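The values are calculated or read from the model by the stated rules, or taken from the named source; none is laboratory data. This structure is a prediction, so every number in the text was calculated from the model and none was measured. With ideal geometry, Cβ positions are generated from the backbone for all residues, glycine too; neighbour counts draw on all protein chains shown. Ligands, DNA and RNA are excluded from the accessible area calculation, which covers all protein heavy atoms including side chains. Shrake-Rupley method; radii C 1.70, N 1.55, O 1.52, S 1.80 Å.
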Amino acid sequence: NQHAPRAIGVDLYRGLASEPGHSALKEVFATSPNVIGIERITGVVSDVATPPAVLPEKQVGIVDFPLDGDGFVRRAYLGTMPSVDAIDPDRFRFALALRLAEQYLASEGLTLDNGLRDPRNMRFGQTEFPRFQNADGGYVDSDAAGIQIIINPRSGKTPFNIVSMADVLQGRIDAELIRDRVVLIGVTSLSAKDLINAAAIQSENPSLVYGVEVHAHFTSQILSAVLDDRPLLNVWPDLWEYLWLVCWTFIAGFVGWYYQSTWKFSILLILLSVALWLFCYLAISLLGLWLPFVPTMISIFATSTIVFSLPRVIRIRKTLNAYKS
């Protein structure tokens, strides 16, 4: 706080006293409106963790993430209802990353509001965060409880400045690393087991990322979308995805029917596959648009192969019929 950050996220469970220093920490919480504490609200009773009692609701964020079927984290809650085991289970909770972004953006004159395109969405200014639906992208009947978005992490193994608490306490940190920024305090030690399976985020431990780093990625995603127009990951409505599949299927069928030369057909099929990959890659890189790649690729190969083989099957059948005659 001496170096004037806009927001401080304390990614440590402090609902119960942890001595020594608990009374001093309570005093800091009570006198620091830019500090955000955490709570955990999902899972079994033993997983639920209450927030520091001294912090008001607006200074508490949840650290829960929805899991995919393979146990990996690719989505994040902007907010959700807690489990029945949490204190005050009827109150809607907001994510730690959202609380930090809200604190940061308040200095920019931006406040959290309902969406314009969809009132159930959340937005800051003109930036509206599209809610994850249970069949978005490659998902099928997934849990879309609460308000979720797909995580779009930063690239590289070290996208954030990470400093040790010892260096902070000894005054060995450049104040500019902290001033006017979001600061997250957490544990980066394998022994603490605050690890999240997040395959999309690069880390030293394959697929395992420290929880505090995942919150940093998510916070950065929100802020960059609002302030830098960084694309949010989104998908087309079902109708457009169906039209997309029909168009590629038609093109594949034309290639299979028109080019009956085996080598021409093979080359064009490869070029068609490369074009599809390039189109999908550019769409998600430049626009944040997740297009159905795998179903389209299967459709291209199946349709083109069937149509390409059809005249040959007909000729073989005619030859067999003539032989029988």
What's the number of the condition D180 fails, among (1) over 20 Å from the mean Cα position of the chain (by Cα); (2) within 21 Å of L12 (Cα to Cα)? (2)
Between a residue in segment 177-189 that is touching a residue at least 24 places away in the same chain (Cβ under 8 Å) and any residue that is of a type in the set (S, T, Y) and surrounded by 20 or more Cβ atoms within 10 Å (Cβ to Cβ), which pairs come within a Cβ distance under 6 Å, given they are 6 or more apart or on different chains? V182/Y104; V182/T219; T188/Y210
Just one of S220, S266 is of a type outside the set (D, E, K, R) and within 17 Å of I162 (Cα to Cα); which is it? S220
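Per-residue answers, yes or no, for (1) closer than 29 Å to R179 by Cα; (2) without any contact (Cβ under 8 Å) to a residue 24 or more places away in the chain:
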position: A7; (1), (2): yes, no
position: R14; (1), (2): yes, no
position: A24; (1), (2): yes, yes
position: V35; (1), (2): yes, no
position: G71; (1), (2): no, no
Which residues, taken from segment 63-79, are open to solvent by less than 10 Å² (accessible area, probe 1.4 Å) and more than 14 Å from I196 (Cβ to Cβ)? L78, G79
In segment 161-216, which residues are at pLDDT 90 or above, among the basic types (K, R) and out of contact with any His (no Cβ under 7 Å at 6 or more places or on another chain)? R172, R181
Under 7 Å between Cβ atoms, which residue pairs at least 6 apart in sequence (or on different chains) link something in segment 152-165 that is on the phi < 0 side of the Ramachandran plot with a partner that is modelled with pLDDT of 90 or more and assigned to a helix (DSSP H, G or I)? N152/Q221; P153/H217; R154/H217; R154/S220; F160/A216; N161/L177; V163/L177
Residues (within 23 Å of H215 (Cβ to Cβ) and in a loop (DSSP other than H, G, I, E, B)) located in segment 3-20: H3, A4, P5, R6, D11, L12, Y13, R14, G15, L16, S18
How do the pairs read when you match residues in segment 113-124 that are touching a residue at least 60 places away in the same chain (Cβ under 8 Å) and over 18 Å from T80 (Cβ atoms) with residues anywhere that are aliphatic (A, V, I, L, M) and surrounded by 13 or more Cβ atoms within 10 Å (Cβ to Cβ), using Cβ under 8 Å and keeping only pairs 6 or more apart or on different chains? F124/A101; F124/L105; F124/L110; F124/L112; F124/I222; F124/V226
Scope segment 21-33; condition outside any helix (DSSP H, G or I) and of a type in the set (K, R); matching residues: none
Can you pull out the residues in segment 80-114 that are open to solvent by less than 10 Å² (accessible area, probe 1.4 Å) and touching a strand residue (DSSP E or B) at 6+ places or on another chain (Cβ under 6 Å)? R93, A95, L96, L98, L100, L105
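Filter segment 121-169 down to the residues that are among the charged types (D, E, K, R) and closer than 24 Å to R99 by Cα, then identify the one that is least open to solvent (accessible area, probe 1.4 Å).
Taking the candidates together, the pick is E128.
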Between residues in segment 86-112 that are modelled with pLDDT of 95 or more and residues that are part of a loop (DSSP other than H, G, I, E, B) and open to solvent by 60 Å² or more (accessible area, probe 1.4 Å), which pairs lie under 8 Å by C-beta distance while being six or more apart or on different chains? E102/T111; L105/T111
